[in-house]
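Okay, structure first, notes after.
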Amino acid sequence: MKKILIAGNWKMNTILPEAINLSKSIVEGIKGTDLKVQILICPPFVNLIPVYDIIKGSPIKLGAQNCHYADKGAYTGEISVPMLANVPCSHIIIGHSERRKYFSEIDDILNKKLKAVLNANITPVFCIGETLEDRQNGYAFKIIEWQLKEGLKEISNEDIEKIVIAYEPIWAIGTGIAATTEQIAEAHSFIRNILLKMIGKQAKNMLILYGGSVDATNSQSILEIPDVNGALIGGASLKANTFLSIINTAQNLV
Ligand code: PGA
């Protein structure tokens, strides 16, 4: 049976009452459902604990959007993995392209973050993906391979297997134009093959999500692609009805 994870990345959206309403609507929306897919929501840091109070007891998992790699110390404005573990968060997004672009998070920093997250037994959702320029110049696959190899450097095979990979072509994020199913299928099978070479057949169990303008209208064709194990959803995860509709689509595919 295909494993599917539907993850909502709320980014820097939702003040507290909005986060409460959105999470309540999602909990209500799945009540009584025999859930066969995993659901993850990633609110902003300040809303993690109140959202946790709403989703606890439900199958919905809670994730953070970023973390620091040090356990504690003089890093003004940062949030550590132990703080997030204590919420508790089960997942942390690492290396989202917006972090790479606006906050200069380079491969080496992301590698440190991945290690810190794995060390705390939290599941990283590790984002990779090329820019439009990379794709137009024919470098998309070189970039993907580089990000994977550098990000996963010196991490044991056993730990790599626990990581959720999110392929998010940057040109498809927030643009309303998702990659085509052919482009997604090609990239996901390329990523799966790299992972197979890195850690062997255990890589077949790894979840590889697609992200970039996933919505209720395209989710079925994307989630049907063999090497796609779910979606990382930005804009469409902020509307409960749309997010629930994508979950419903995924439910029908497993
Ligand atoms: P989007 O964002 O669904 O709004 O394109 C996806 C993401 O950045 O994770």
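Name the residues in the stretch 68-112 that are of a type in the set (V, I, T), touching a residue at least 12 places away in the same chain (Cβ under 8 Å) and more than 25 Å from L132 (Cβ to Cβ), would you?
Initially, the stretch 68-112 is screened for residues of a type in the set (V, I, T), giving 76, 79, 81, 87, 92-94, 106, 109.
This time we only want the ones that are touching a residue at least 12 places away in the same chain (Cβ under 8 Å), so: 79, 81, 87, 92-94, 109.
Selection gives I79, V81, V87, I92.
Being surrounded by fewer than 23 Cβ atoms within 10 Å (Cβ to Cβ) and touching a helix residue (DSSP H, G or I) at 6+ places or on another chain (Cβ under 9 Å) is the requirement here; does I55 meet it?
yes
Being more than 16 Å from the ligand (Cβ to nearest atom), among the aliphatic types (A, V, I, L, M) and under 19 Å from F126 (Cα atoms) is the filter; apply it to the stretch 192-235 and report the residue that is surrounded by the most Cβ atoms within 10 Å (Cβ to Cβ).
Among those residues, the one meeting the criterion is L195.
Quick check: anything in the stretch 108-123 within 15 Å of the ligand (Cβ to nearest atom) and either in contact with a Gly (Cβ under 9 Å, 6 or more places away or on another chain) or of a type in the set (D, E) (or both)? I'd like the intermediate steps shown before the answer.
Filtering the stretch 108-123 down to residues within 15 Å of the ligand (Cβ to nearest atom) leaves none.
Scanning the stretch 108-123 turns up no residue that is within 15 Å of the ligand (Cβ to nearest atom) and either in contact with a Gly (Cβ under 9 Å, 6 or more places away or on another chain) or of a type in the set (D, E) (or both).
Going residue by residue through the stretch 237-253, is there one that turns out to be within 14 Å of the ligand (Cβ to nearest atom), surrounded by 16 or more Cβ atoms within 10 Å (Cβ to Cβ) and closer than 22 Å to F141 by Cα?
No: zero hits.
Return only the number of the condition from (1) touching a residue at least 12 places away in the same chain (Cβ under 8 Å); (2) surrounded by fewer than 19 Cβ atoms within 10 Å (Cβ to Cβ); (3) not small (G, A, S) that E186 does not satisfy.
(1)
For the stretch 156-177, state whether one or more residues are within 16 Å of the ligand (Cβ to nearest atom), crowded, with 19+ Cβ neighbours inside 10 Å and among the small types (G, A, S).
There is at least one residue in the stretch 156-177 that is within 16 Å of the ligand (Cβ to nearest atom), crowded, with 19+ Cβ neighbours inside 10 Å and among the small types (G, A, S).
Which one of these does E130 not meet: (1) in a helix (DSSP H, G or I); (2) charged (D, E, K, R); (3) within 16 Å of the ligand (Cβ to nearest atom)?
Going through the list (1) in a helix (DSSP H, G or I); (2) charged (D, E, K, R); (3) within 16 Å of the ligand (Cβ to nearest atom), E130 breaks only (1).
Only the coordinates and a few stated rules stand behind these numbers; no lab work does. Computed from a prediction, not measured in an experiment: that's the story for all the values here. Neighbour counts run over all protein chains shown; Cβ positions are idealised from the backbone, glycine included.
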